[in-house]
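The values are calculated or read from the model by the stated rules, or taken from the named source; none is laboratory data. Because the structure is a prediction, the values reported are computed rather than measured. As a convention, Cβ positions derive from the backbone with ideal geometry for all residues, glycine included, and neighbour counts pool all protein chains shown.
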Amino acid sequence: METAGESHGEALIALLSGVPAGIPVDLEFVNRELWRRQQGFGRGGRMKIETDKAHVLSGVRHGKTIGAPIAIEIANRDWKNWEEKLPVDAGDAEKHQAVESPRPGHADLPGALKYNFADARYVLERASARESTSRVAAGAFAKLLLRHLGIEVASHVIRVGRVELSRAAAWEEIVAVSRKDEVLLSCVDAETEARMREEVAECARTGDTVGGVFEVVVHGLPAGVGTFANWDERLDGLLAWAVMSLQAVKAVEIGRGVTAAESFGSAVHDAIHYAEDAGDRPTRFVRHQNNAGGIEGGISNGEDVIVRGYLKPISTLRKPLASVRFDTREATAASYERSDICVVPAAGVAAEAMVAFVIAQQVLAKFGGDSALELQRNYEGYLDQIRRF
């Protein structure tokens, strides 16, 4: 997967290669994923301007993938307000809108130093979380591929600021949250979500921002995806890298990774049991708890894969922090760009896309197949193998 485009540019682009031919493509599903990314209590004015829609340029014909690279365009409606400020040609220098003082916590200063820019405008344009729109579009195709095999990916919010969900969420609850037509903070518990909203509302009153924690769950993935053989092929490492690459994510946890560090092994490791009748599970080896988050030794173990992302507060504050002017080096307030107060639910949707992409990549690496039929045949043969083990 590759992406291109800037926050206030004409369009965003996603390019996805390696999808087998014959995977059914539901464009309504793709566009709903883009819609989900735009929702949430605490989003800013930009979301009132944009109505993201995927325009598929290649790789899909008559409702199915054709094995060719898939190119997706998402137009920026706000481009009409920036066309003269960010033209492709030299344009009018008087209309250029510089970012004159870098924002603490953003890529502004290190990016300007790296590329020798006189201000942070070009850094902001590409470093912006608007780029994750492209990833969500591409991730929707990864989800469609996984869905073809009975594997699903969904997310929910477990913490906003100081307010945290105090119980585990069932898979059915997480799915129900993802299907809501009104998205607030994507928490499975109504009372907890109400307190989360109060946290966001307080930040709105004080000109601050707030972060939190989202949880992505992969349901239906069989044991055996990923490997311990090489450090750069371990499934947990690949997932951590993918989720950490999202804007504002500062930590990633697999299963009970954080609290496991302060616990004894007897309380952490998931005892193994054997069930003669395991229902629709692909293996009869089962766990009664899932502290490992569905991954052991870099390989999926048949339980739900659980990945949490820890999101810092958005860097752009309505009450700016101290900064320094690029031109005079004088102390000043950081620049302000239209921004959000809380994006934890949206970040969860973007993380779903990244997790789905990694899982789809690893599923294709293990089972192969140039067509949906070949992939499914290989996959079902493997499921039969591990059921018989």
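Residue count for segment 245-258, restricted to those that are exposed (fewer than 15 other Cβ atoms within 10 Å of the Cβ) and either among the polar types (S, T, N, Q) or touching a residue at least 12 places away in the same chain (Cβ under 8 Å) (or both): 2.
Got at least one residue in segment 320-328 being of a type in the set (A, V, I, L, M), at pLDDT 95 or above and within 19 Å of GLU352 (Cα to Cα)? So far as segment 320-328 goes, no, none of its residues is of a type in the set (A, V, I, L, M), at pLDDT 95 or above and within 19 Å of GLU352 (Cα to Cα). Filtered by the rule that a residue be in contact (Cβ under 8 Å) with a residue 12 or more places away in the chain, in contact with a strand residue (DSSP E or B) (Cβ under 8 Å, 6 or more places away or on another chain) and in a loop (DSSP other than H, G, I, E, B), segment 306-334 gives LYS312, PRO320, LEU321, ARG325, ALA334. The set of residues in segment 259-282 being under 23 Å from TYR379 (Cα atoms), within 29 Å of the chain's Cα centre (by Cα) and surrounded by 10 or more Cβ atoms within 10 Å (Cβ to Cβ) consists of ARG281, PRO282.
Yes or no, residue by residue, for (1) farther than 27 Å from GLY302 by Cα; (2) out of contact with any helix residue (DSSP H, G or I) (no Cβ under 9 Å at 6 or more places or on another chain); (3) not hydrophobic (A, V, I, L, M, F, W, C):
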{"site": "PHE326", "(1), (2), (3)": "yes, no, no"}
{"site": "ALA331", "(1), (2), (3)": "yes, yes, no"}
{"site": "GLU337", "(1), (2), (3)": "yes, no, yes"}
{"site": "ILE341", "(1), (2), (3)": "yes, no, no"}
{"site": "GLU352", "(1), (2), (3)": "no, no, yes"}
{"site": "SER371", "(1), (2), (3)": "no, yes, yes"}
{"site": "ASN378", "(1), (2), (3)": "no, no, yes"}
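Checking each residue of segment 295-303 against the condition of being in contact (Cβ under 8 Å) with a residue 12 or more places away in the chain, more than 30 Å from LEU383 (Cα to Cα) and outside any loop (DSSP other than H, G, I, E, B) gives no match. Could you please find all residues in segment 273-294 being modelled with pLDDT of 95 or more and either aromatic (Phe, Trp, Tyr) or farther than 30 Å from ALA127 by Cβ (or both)? Matches in segment 273-294: ASN290, ASN291, ALA292, GLY294.
Take the conditions (1) in contact with a strand residue (DSSP E or B) (Cβ under 8 Å, 6 or more places away or on another chain); (2) without any contact (Cβ under 8 Å) to a residue 40 or more places away in the chain; ASN230 misses just one of them, which is (1).
Within the group GLU125, GLU152, which residue is touching a His at 6+ places or on another chain (Cβ under 7 Å), closer than 29 Å to HIS8 by Cα and in contact (Cβ under 8 Å) with a residue 40 or more places away in the chain? None of the other options fit; the residue is GLU125. Note on segment 179-200: residues that are at pLDDT below 95 and either touching a helix residue (DSSP H, G or I) at 6+ places or on another chain (Cβ under 7 Å) or not charged (D, E, K, R) (or both) total 2.
Number of residues in segment 336-366 that are polar (S, T, N, Q) and within 30 Å of PRO20 (Cβ to Cβ) equals 2. Taking the conditions exactly as written (surrounded by fewer than 16 Cβ atoms within 10 Å (Cβ to Cβ) and closer than 30 Å to ARG329 by Cα), does PRO87 satisfy them or not? Yes; evaluated as a whole, the condition is true for this residue.
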